[in-house]
Amino acid sequence: MNSKLFTLLALITGTVIFGSCKKQVDGCTDPSADNYNLNATDDDGSCLYSKHVGESFGGGIIFYVDISGQHGLIAAPSDLGDSARWDDGSNADTYVTNTLLFSGDNNTTQIVAIYGDGDYAAKQCEDLELNGFTDWYLPSKSELEELYEFRVQVGGFSDDYYWTSSENSNEDYRFLAFRVNFGTGLSSTFYKNFKARVRPIRAF
């Protein structure tokens with residue numbers, strides 16, 4: 001056999017043999033993804049991309065992202081009307097004193113469970129259906145303070161007071177709830193039967 005032909009056949013045979021032994025590795029093959037796998041040969045649809053503040057997502061605009069880059073908080077793109085009361089007119093205690101991030105959802109649920117039907121801040125948020133989502137809620141004190149820090153990226157705010165879902169924790173002053181001044185960023189407590197603006201949020 002011609003030596004050149006023999007060499008060519010050997011190369012082809014080797015390529016077929018070794019090529020067929022190459023192991024398939026499923027994973028993310030997009031270099032721009034957070035979990036890009038350099039060794040992946042087949043994309044399995046698992047690519048993850050970090051969210052960022054100011055991004056339109058989940059029916060609104062992101063204003064907080066946790067360290068994973070996959071979870072955070074979204075604000076509705078506009079206020080609910082001009083203003084609303086915090087309570088239903090009864091000024092009853094709700095014991096929703098949690099002020100932390102991701103606590104506004106439970107706060108809202110508890111407020112509505114106690115007050116029931118009516119036209120007040122927490123109920124307005126719970127009843128909201130916006131851009132295909134129905135899990136909106138009245139933000140807690142920390143959530144609203146975080147939203148204030150990124151108010152420019154979200155937009156549509158007034159230099160006015162906005163209600164939080166956090167009631168005063170002092171037993172003698174439960175007729176007060178926290179609000180945040182979006183003109184100054186300062187938080188304070190005020191009478192629940194007064195009105196303030198409402199900006200619903202949701203978690204993702």
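The values are calculated or read from the model by the stated rules, or taken from the named source; none is laboratory data. Since the structure is predicted, the reported quantities are computational estimates derived from the model, not experimental observations. Here Cβ is always computed from backbone atoms with ideal geometry, including for glycine, and neighbour counts include all displayed protein chains.
For every residue, the table says whether it meets (1) outside any loop (DSSP other than H, G, I, E, B); (2) modelled with pLDDT of 95 or more.
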position	(1), (2)
I67	no, no
P77	no, yes
S90	no, no
K123	yes, yes
Any hit, the stretch 163-170, residues being at pLDDT 95 or above, surrounded by fewer than 17 Cβ atoms within 10 Å (Cβ to Cβ), of a type in the set (S, T, Y) and over 23 Å from the mean Cα position of the chain (by Cα): no
Residue check, D117 surrounded by fewer than 18 Cβ atoms within 10 Å (Cβ to Cβ), among the charged types (D, E, K, R), part of a loop (DSSP other than H, G, I, E, B) and in contact with a helix residue (DSSP H, G or I) (Cβ under 8 Å, 6 or more places away or on another chain): yes
Some residue of the stretch 125-137 being in contact with a Cys (Cβ under 7 Å, 6 or more places away or on another chain), among the hydrophobic types (A, V, I, L, M, F, W, C) and farther than 19 Å from N193 by Cα: yes
The stretch 147-168: number of residues that are in a loop (DSSP other than H, G, I, E, B), out of contact with any helix residue (DSSP H, G or I) (no Cβ under 8 Å at 6 or more places or on another chain) and either free of Cβ contacts under 8 Å to residues at least 24 places away in the same chain or not polar (S, T, N, Q) (or both): 5
Criterion (at pLDDT 95 or above and surrounded by 15 or more Cβ atoms within 10 Å (Cβ to Cβ)) met by exactly one of E143, E129: E143
Selected residue (criterion: nearest to T97 (Cα to Cα)) from residues of the stretch 171-190 that are buried (at least 17 other Cβ atoms within 10 Å of the Cβ) and among the polar types (S, T, N, Q): T189
D160 vs. criteria surrounded by 12 or more Cβ atoms within 10 Å (Cβ to Cβ), in the same structural domain as T108 (by TED's automatic domain parsing), of a type in the set (D, E) and over 17 Å from G60 (Cβ atoms): yes
Some residue of the stretch 128-151 being under 15 Å from D88 (Cα atoms), basic (K, R) and assigned by TED's automatic domain parsing to the domain that holds S83: no
Pick from the stretch 92-114, criterion without any contact (Cβ under 8 Å) to a residue 24 or more places away in the chain and outside any loop (DSSP other than H, G, I, E, B), ranking: surrounded by the fewest Cβ atoms within 10 Å (Cβ to Cβ): A113
